[in-house]
Structure formats: C-alpha cells, structure tokens
C-alpha cells in the first residue's frame, strides 16, 4: 500500500516536472511570439480565424486571462491579437472578448458589459466576465488539451476539474471584474495581492509614455501572468 502510494507520488512529481517544461515552452513558442496590433493594415489580408479581438487602452485580468486560455487551444495558438474598440477592426476577428457589447457564442462574441447581461456558469451565481465566458464555452476543451500528454482521463474527471478550476480560480476573477464583493458584510481586511491586482499593476504608469506599442508589450506580460497562474492551478487536480 505504502509502495503504491509512493509510486503515485513519484509519478505525479514527474508529471509536474513535465508540466513546468511545457509551460516554459508554451510561453516561449506561443505567448512571446504572439503578434499584437491595433492597425487595420496589419490584418487586412489575414483570415478571421487567425484573429482574436479585445479592447485597447488599459487592460484587466479578465480579458488577459481570456486570451491566455484561448491561446492554449490549437485553433488559436498562432492567432494575432487585435486590440481596438473600432468596430471595423473587431468585425474582422474570428473571436472577440471583453468588447463590442455583444454576447453571442454562435458568432464567438464574448462581452459582458451590456446592461442586460446577467450570464452565469450553470449552477453558480457569480456574473461572468470575459474570462468566465471563455471558460464556460471552451473550458472543457482547454482542460482536455492540458491533459492530452498524460494518461487517459474520463469525461467525469474533466467535469470535476472544470468545476474545481472555476470555483478555485476563474470565479473570483469574474467577481472582481464585475465589482461583486466576496462577502455581504464589511470586509475585515483588504486583499491587495489578487491576480486581478497583479495584472492591473502591469498597465503603464501615469508617468510612462502612453503609446499603443507600450500597452501591447504590457498586455502580453499580463497574458503570460494569467496563463501561468491558470496552468499552475490546474496542476492541483492531477
């Protein structure tokens, strides 16, 4: 019994080592090589399916995580990120998150800012952000992709991971982005080190040059932080 348990522990350590290598490789090969633009000329000849749209200017954790999660899927791994509020540019994108005032999964539009939006993940009460919307529609595919190099996992195990990752990771990002307090009464202390806060601090400071190019660089850092945190959290359930 103890030998079997020890064997499983060693196997898990091996898987986690592989995971860290995979995370590093993903960051180098996918995140760092991702092109980000706000220019129509850069995307005019590109197919829709190769473009992920989100808003420009200051960024938040929800769209950074949404883009990072999408990048985990093969169909979006090489996609260019278009940061703009220009409807003409966004219309050219195969998928758009956190901008556009449209939630229409049939057309890959995932915004939550429209007044009438009240979407939640089935079985939960927290209003979804763009991260939650991407997770709702792509979360199980993302989990399967992350587990593909490991031993076979049942669909029920994927379901368990899906709900655990939501409650332990994605849901608080939804809540923070939508201004939902973690408690009904007064908070006993202030939490300043959330993932949302860390991503927010990556925005250019007031005394830095506020150029689109700098925002693009910082946004890529935010995507990396969001993706890495999601990836590491996933390890808890292997």
| field | helices (runs of 4 or more DSSP H) wholly inside the stretch 150-238 that include at least 1 residues being touching a strand residue (DSSP E or B) at 6+ places or on another chain (Cβ under 7 Å) | value | 171-177, 212-234
| field | Options 168, 181; residue that is modelled with pLDDT under 95, within 15 Å of the chain's Cα centre (by Cα) and more than 25 Å from residue 34 (Cβ to Cβ) | value | 168
| request: Tell me which of these residue 74 doesn't satisfy, since it passes every other one: (1) outside any helix (DSSP H, G or I); (2) over 30 Å from residue 149 (Cβ atoms); (3) over 13 Å from the mean Cα position of the chain (by Cα). | output: (2)
| Out of the stretch 53-67, which residues are closer than 15 Å to residue 80 by Cβ and buried (at least 24 other Cβ atoms within 10 Å of the Cβ)? | 53, 54, 67
| query | Restricting attention to the stretch 7-46, which residues are modelled with pLDDT under 70 and more than 19 Å from residue 77 (Cα to Cα)? | reply | 7, 8, 9, 10, 11, 12, 13, 14, 15, 16, 17, 18
| note | Across (1) surrounded by 11 or more Cβ atoms within 10 Å (Cβ to Cβ); (2) farther than 20 Å from residue 121 by Cα; (3) out of contact with any helix residue (DSSP H, G or I) (no Cβ under 6 Å at 6 or more places or on another chain), residue 186 clears everything bar (1)
| field | Positions within the stretch 189-219 being under 15 Å from the mean Cα position of the chain (by Cα) and crowded, with 19+ Cβ neighbours inside 10 Å, in sequence order | value | 195, 196, 199, 219
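The values are calculated or read from the model by the stated rules, or taken from the named source; none is laboratory data. This structure is a prediction, so every number in the text was calculated from the model and none was measured. Cβ: placed from backbone, ideal geometry, glycine included. Neighbour counts: every protein chain shown.
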